[in-house]
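Visitor: Quick one: the structure is below, and I'll ask about it shortly.
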């Protein structure tokens, strides 16, 4: 009887260890390139953890708290922000390949946001000084482009918003 209990406890312990040491740890994640990220990012959720390799084209000059990674063809880019524990990146990362591990964040821009933005722009033109009609015109063109982008994405995926993705990094590793 003692032997059966021992094997049962050992089996349960092994199962607990397998679950706790499985693919949920931060260091066991498969690294994907920026090209692959571009293909799967719309299927991911805000809060997903990931490991991404890309070419660093920018390091923030004000505290180095964010970097910009691009794909090899420079068609895909994502901003990576240092989390509270990481705080900043090495300024020497610029123009080198970097692998970051972190959490995906998504900021959504929808028609309500765009309508509010447009309303605020119109209101700014009612200021005593007349506002800045040239700047408002440029921003309204951007709003139109975002609306077109949202419509195209809705036709393609059924998602009626535009997404701005960032990664909040908790670690990074430059390539030698």
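Visitor: Once you sort the root eigenvalues of the Cα gyration tensor of region 111-152 as a ≥ b ≥ c, which label holds: rounded (a/c under 1.5), prolate (a/b larger than b/c) or oblate (the other case)? Before the final figure, lay out the partial values.
Guide: Values: a/c = 5.92, a/b = 2.03, b/c = 2.92.
The shape class here is oblate.
Visitor: Packing-wise, with mean Cβ within 10 Å as the measure, how do 130-143, 64-77 rank, highest first?
Guide: Values: 130-143: 12.2, 64-77: 16.3.
So the order, starting with the most tightly packed, is 64-77, 130-143.
Visitor: Among 35-41, 123-129, what's the highest-first ranking by average C-beta atoms within 10 angstrom per residue? Before the final figure, lay out the partial values.
Guide: On the way: 35-41: 15.1, 123-129: 9.6.
Top to bottom by mean Cβ count within 10 Å: 35-41, 123-129.
Visitor: Order of 154, 89 from fewest to most other C-beta atoms within 10 Å?
Guide: Working: 154 13, 89 24.
By the 10 Å Cβ count, ascending, the order reads 154, 89.
Where a number appears in this text, it was derived from the coordinates with a stated rule and is not lab data. Since this is a predicted model, take the numbers as computed values, not measurements. Cβ: placed from backbone, ideal geometry, glycine included. Neighbour counts: every protein chain shown.
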